[in-house]
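Remarks on the structure that follows.
The values are calculated or read from the model by the stated rules, or taken from the named source; none is laboratory data. Everything numeric here is computed off the predicted structure, so don't read it as measured data. Quick reminder, even Gly has a Cβ in these numbers, built from the backbone with ideal geometry, and neighbours come from all protein chains shown. Just so you know, the surface numbers come from the protein's heavy atoms only, side chains and all, with ligands and any DNA or RNA stripped out. Shrake-Rupley method; radii C 1.70, N 1.55, O 1.52, S 1.80 Å.
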2 protein chains.
Amino acid sequence: MLTIRPATIADAALIKTLITELAEYESEPDQVRITAVDIARDGFGAEPQFRVLVAEWSSEPVGFVLFFHYYSTWRGAGLYLEDLFVRPEFRRRGIGTSLLAGVARAAEGENRTFVRWTVLDWNACAVGMYRALGADFLDEWRTVLLAGEGLKKLVARDG
Amino acid sequence: MLTIRPATIADAALIKTLITELAEYESEPDQVRITAVDIARDGFGAEPQFRVLVAEWSSEPVGFVLFFHYYSTWRGAGLYLEDLFVRPEFRRRGIGTSLLAGVARAAEGENRTFVRWTVLDWNACAVGMYRALGADFLDEWRTVLLAGEGLKKLVARDG
């Protein structure tokens, strides 16, 4: 019933839809600024910046995972998982774990020794799933983001 | 007095030394598994997986920043800063901010709209510096890492 397959450029609109559904689940639907055109160009153009696996249940798309290269100065080459999503009505069937297993196999095939990602602290379901897989939670580390005016000011600083 | 310059393959041993000094500062000196050979191959080979800027004070190397591409499904293309370090005796001279400004300029030059990184929660000095620059702290997000046996089991799961 379940198939995990690499996405193609024909999936750009589907990926945009799934990204938006995930943002809605995270109560942040207005945060999605990228378009299907961005996804087609950035994921499936001359210099792909990410890869996507799509999960299908009886040929119906039900989830996705989006990931790219990461480099740790402690561990060397790894993968970073930016998004993992399964549509609510298809949860509790192991689809999320199968998508993660696809990423784990990509890591193994490229001699990348770890997969890193983030999870919302209130998402107990996901936290429990990751813990069951043997993942570590690096709770000493805070995530920092610099964008917009702050980034512009910094660019101008040493001009 | 201060120069920020892109690293070359000749800096691989220096970068390894600075990475180790940073891990010592973070009380995790045994976590550094990568070698100068790994750094030369992964950073300065056919397919560079990261870039490094070196800070020099009167031609003496005093710090570095290591970064690579990141892709956000909300914001599109950005940069991820994996390591930022200034030797203790050269702190409080704005060197860290100048290294960050170098990364901000790299982002601007490539139409990348944000820089993302993590900071140890007890590093009040760094947290204060990032806050002063206008950075956001994404404290709802927990960092997760899957490696070693957990990753191997997942690879075997759907085999």
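Here is how the numbers come out for the structure above:
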{"read-out": "Cα pair distances in the protein assembly as shown, grouped into 10 Å bins until the bin that holds the longest one, percent each", "value": "6, 26, 35, 23, 9, 1, 0"}
{"read-out": "Fraction of accessible area attributable to carbon and sulfur, chain B (%, probe 1.4 Å)", "value": "51"}
{"read-out": "Surface accessible to a 1.4 Å probe, A:Met129 within the full protein complex, Å²", "value": "50"}
{"read-out": "On Cα atoms only, tilt of B:148-157 relative to the major axis of chain B in degrees", "value": "40"}
{"read-out": "Accessible area buried at the A-B interface, both sides summed, 1.4 Å probe (Å², nearest 100)", "value": "7200"}
{"read-out": "Phi-based couplings in Hz for segment B:9-23 (Karplus 6.51, -1.76, 1.60; Gly and Pro marked x)", "value": "4, 5, 8, 4, 5, 4, 4, 4, 4, 5, 4, 5, 4, 5, 5"}
{"read-out": "Interface residues in segment A:21-54 - accessible area drops by 30 Å² or more relative to the isolated chain, probe 1.4 Å", "value": "A:Glu26, A:Gln31, A:Arg33, A:Ile34, A:Gln49"}
{"read-out": "Per residue, in Å², the accessible surface of chain A once ligands and nucleic acids are set aside, probe 1.4 Å", "value": "46"}
{"read-out": "Rh (Kirkwood; distinct C-alpha pairs) - segment B:2-157, Å", "value": "17.0"}
{"read-out": "Shortest-first nm distances, B:Glu24 label point to equivalent points in other copies (7 Å, Cα→Cβ)", "value": "5.4"}
{"read-out": "Solvent-accessible area of B:Asp42 with every protein chain in place, 1.4 Å probe, in Å² to the nearest 10", "value": "20"}
{"read-out": "Interface residues in segment B:58-72 - accessible area drops by 40 Å² or more relative to the isolated chain, probe 1.4 Å", "value": "B:Phe68, B:Tyr70, B:Tyr71"}
{"read-out": "Over segment A:1-123, relative contact order from alpha-carbon pairs under 8 Å, at least 6 apart, %", "value": "23"}
